[in-house]
Amino acid sequence: MWRIILLSIPVFLMSAVGTIGQTPTPNARSASPEAVAIPANTIKWVQVRPGQETSALWGDRRVGPYGSFNRFAAGFEDRPHYHSRDLHSVVITGTFVVQNGSGPVQELGPGSYGFMPGGTVHTHSCKSGVPCVIFVQQDGPGDSVPVEASR
């Protein structure tokens, strides 16, 4: 019996070493039965509130992980709020203005990346002149929790 176990060890090690450096299998979220390409002129926008629209790219922000575009009217100003989960964003068009708590105001132009840790109170706006489109992604349901000015 020991002879069988000892002879099996090299086979096990060779198979394990053979997997090093291989491309990992995509996780379930990124695995798709077919490729997806959405031309910009076919994106369906839904109004969230005056001055803000959204377009789901994958997932459903109400129940789980998602990715979407958010479009804000030029001159839009949001109230202080936070998100329960970390939020990643990339500015596509316009100048997106963000302020985390009492930190400095930052202007983010096209191609800029933002990361907002869950629970971080912030405000954002879209400079006048050009609407802002940002890509956002969260690993769980999305929310926007308003914060009273006294917090």
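The values are calculated or read from the model by the stated rules, or taken from the named source; none is laboratory data. Fair warning: this is a prediction, and the values are worked out from it, not measured in the lab. Don't worry about glycine lacking a Cβ; one is built from the backbone with ideal geometry, like all the others, and counts go over all protein chains shown. For accessibility, only protein heavy atoms count, side chains too; no ligands or nucleic acids. Shrake-Rupley method; radii C 1.70, N 1.55, O 1.52, S 1.80 Å.
Observations on the structure shown:
- Residue satisfying all of: in region 91-123; open to solvent by 50 Å² or more (accessible area, probe 1.4 Å) and assigned to a loop (DSSP other than H, G, I, E, B); nearest to R71 (Cα to Cα) among these: P110
- Residue pairs meeting the criteria (Cβ under 9 Å; at least 6 apart or on separate chains; first at pLDDT 95 or above and aromatic (F, W, Y), in region 108-127; second open to solvent by 30 Å² or more (accessible area, probe 1.4 Å) and assigned to a loop (DSSP other than H, G, I, E, B)): F115/D86
- Restricted to region 32-83, and to residues there that are aromatic (F, W, Y) and under 19 Å from the mean Cα position of the chain (by Cα), the residue that is nearest to Q137 (Cα to Cα) is Y66.
- Test set (1) surrounded by fewer than 12 Cβ atoms within 10 Å (Cβ to Cβ); (2) in contact (Cβ under 8 Å) with a residue 60 or more places away in the chain; (3) within 16 Å of the chain's Cα centre (by Cα) - P146 fails condition number: (3)
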